[in-house]
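Chemist: To start, I am sharing the structure in question, which I have written as structure tokens.
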Amino acid sequence: MRRFLAFAVFSTASSTSPSNAQSVDPDASEAAARAALSVLSIAATPNETLSSFSFLDASGGAKSLRSTQLRGGYKPLENGLYVEGLVAYQKYNPVLFFPEIAPDTELDVTWSSVAATVGIGWEFPLVNEWKVRPVGHLSLGQVTADAFLGSFPLLRSASSSNDLIDGDLNAFGVGASLGIFREAQFGSWQGEYRIRQTFLDFNPINEPEAGNASASSNQTTLFSRHRYPLENVNLFELPTQLVLDAGVVLYHGDSVTVLGTDWLATAGVGLEIDTRLTGLPAVQAGRVMLNGVVAEGFSGFSIGFGLRF
């Protein structure tokens, strides 16, 4: 891990030089690795409240969250087989208390996460146009930590060295999700509704200094989207629909600890262009969305793009 938790070498705000560096509780490495895994798990878990290709920027107080997500799913065969994938990049910068690392002292930490998650499942019909979709997931990712105590960088390799080192942590995750969804027509309105429960467990890859650190992503997602045809509006001479959507993510467990919130809600408006007349294979429509984002201690926005198949 290249001494992933080297930022634990400072334990008080008065430690202003390498010569004053000192060791802290050895559990500090495991504690910070667990926090890093928790942050990575947020990036690696499919978030159905965001568009297939989305940019999110939210901040509040002494923390900010920025992420880019590319997500999609489809049925490759004429049966119930379902395949989905996610690639995400996330930057999370909170100012937090880590009792095991710097007692009674705030640490300014930036976690940068890159993650890829794949899922394979099966779609089953229920009643009244509802369907259920269990999916198994495998995820790989890396999270890099940069930490500061006051204005001093804490990633030093040893008390006798001035060289800064990275805090890279590689990890894998396994888990499953269960989704229930429905698409329906109400007069001129088209509606879709989704409920999804996802659980992923993350562990370090060949990182002895992480100890027994692990973290779980446990999320419940509620989402709805409605479309309404704009009869007098044509973009690129193609039929256009108004799109309204809203959703909420409920976080459980380790994610709550690092985010400081157990929910995040979005609501947005956008346009969808019917592309079936263009001859694009399999693609029915393209969509652009602007969403507001709010959570406990956060507010911001996301811009999203999507394709409907």
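The values are calculated or read from the model by the stated rules, or taken from the named source; none is laboratory data. Note that the structure is a prediction, hence the values are computed from the model and not measured. We place every Cβ from the backbone using ideal geometry, glycine too, and count neighbours over all the protein chains shown. SASA here: full protein model, heavy atoms, side chains in, ligands and nucleic acids out. Shrake-Rupley method; radii C 1.70, N 1.55, O 1.52, S 1.80 Å.
Chemist: For Leu40, state whether it is within 12 Å of Thr117 (Cβ to Cβ) and of a type in the set (A, V, I, L, M, F, W, C).
Modeler: It is true that Leu40 is within 12 Å of Thr117 (Cβ to Cβ) and of a type in the set (A, V, I, L, M, F, W, C).
Chemist: Moving on to the next point. For Glu123, are the conditions met, namely being surrounded by fewer than 22 Cβ atoms within 10 Å (Cβ to Cβ), modelled with pLDDT of 90 or more and over 19 Å from the mean Cα position of the chain (by Cα)?
Modeler: yes
Chemist: Further question on the same structure: Select from region 225-237 the residues that are open to solvent by 30 Å² or more (accessible area, probe 1.4 Å) and under 22 Å from the mean Cα position of the chain (by Cα) and list them in ascending order.
Modeler: Answer for region 225-237, where residues must be open to solvent by 30 Å² or more (accessible area, probe 1.4 Å) and under 22 Å from the mean Cα position of the chain (by Cα): there is none.
Chemist: Restricting to region 247-285, give me the number of residues that are open to solvent by less than 70 Å² (accessible area, probe 1.4 Å), among the small types (Gly, Ala, Ser), outside any strand (DSSP E or B) and more than 18 Å from Asp57 (Cβ to Cβ).
Modeler: Residues meeting the conditions: 3.
Chemist: Further question: Please work out if Thr240 is β-branched (Val, Ile, Thr), closer than 30 Å to Leu277 by Cα and buried (at least 17 other Cβ atoms within 10 Å of the Cβ).
Modeler: In short, yes.
Chemist: Just give me the residues in region 165-214 being in contact (Cβ under 8 Å) with a residue 40 or more places away in the chain, farther than 22 Å from Ala31 by Cα and in a loop (DSSP other than H, G, I, E, B), in sequence order.
Modeler: Scanning region 165-214 gives a single hit, Ser188.
Chemist: It is to be established whether one or more residues within region 169-186 are modelled with pLDDT under 80, among the basic types (Lys, Arg) and more than 18 Å from Val258 (Cβ to Cβ).
Modeler: No, because not a single residue in region 169-186 is modelled with pLDDT under 80, among the basic types (Lys, Arg) and more than 18 Å from Val258 (Cβ to Cβ).
Chemist: Since Leu242 meets every condition but one in (1) within 29 Å of Ser216 (Cβ to Cβ); (2) in a strand (DSSP E or B); (3) without any contact (Cβ under 8 Å) to a residue 40 or more places away in the chain, which condition does it not meet?
Modeler: (1)
Chemist: Quick check on region 286-306. Is at least one of its residues open to solvent by 70 Å² or more (accessible area, probe 1.4 Å), of a type in the set (Gly, Ala, Ser) and more than 28 Å from Ser59 (Cα to Cα)?
Modeler: Looking through region 286-306, none of the residues is open to solvent by 70 Å² or more (accessible area, probe 1.4 Å), of a type in the set (Gly, Ala, Ser) and more than 28 Å from Ser59 (Cα to Cα).
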